[in-house]
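Read through the structure below, which is laid out as structure tokens, and then see the notes.
Taken together, the values in this text are just the output of simple stated rules run on the coordinates, not laboratory data. This one's a predicted model, so the numbers in the text were calculated from it and none came from an experiment. Cβ coordinates were reconstructed from backbone atoms using ideal geometry, including for glycine residues, and neighbour counts include every protein chain displayed.
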Amino acid sequence: MSKYDKIDIDGHAVRIDVDTGFFAVTDMAKIRGTAAGNLKAWMRNSGSINFFEEWEKVHVLGNEDLNLDA
């Protein structure tokens, strides 16, 4: 079970997983505007898509082909 620390960003608490160092993207997305709108825009960003593609290749797929066009 993960434990979380919190950091303060512009008066908003953002959780960080102590074991992995990963931060809660939803906490970050709530800082300005709506979380849903911000996450949707972030996931459409070409830089984010390139990051997802590389992350999937390294951590999930192994030798399988990746198709993000589906």
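Summary table below
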{"item": "All aspartates and glutamates inside 20 Å of Lys40 as judged from Cα atoms, apart from same-chain residues fewer than 8 positions distant", "result": "Asp27, Glu53, Glu54, Glu56, Asp69"}
{"item": "Proximal aspartates and glutamates to Lys57, defined as alpha-carbon separation beneath 13 angstrom and excluding residues fewer than eight positions away on the same chain", "result": "Asp65"}
{"item": "Rounded FRET efficiency, nearest 0.05, which uses the C-beta distance separating Phe51 from Ile7 and R0 of 22 Å", "result": "0.55"}
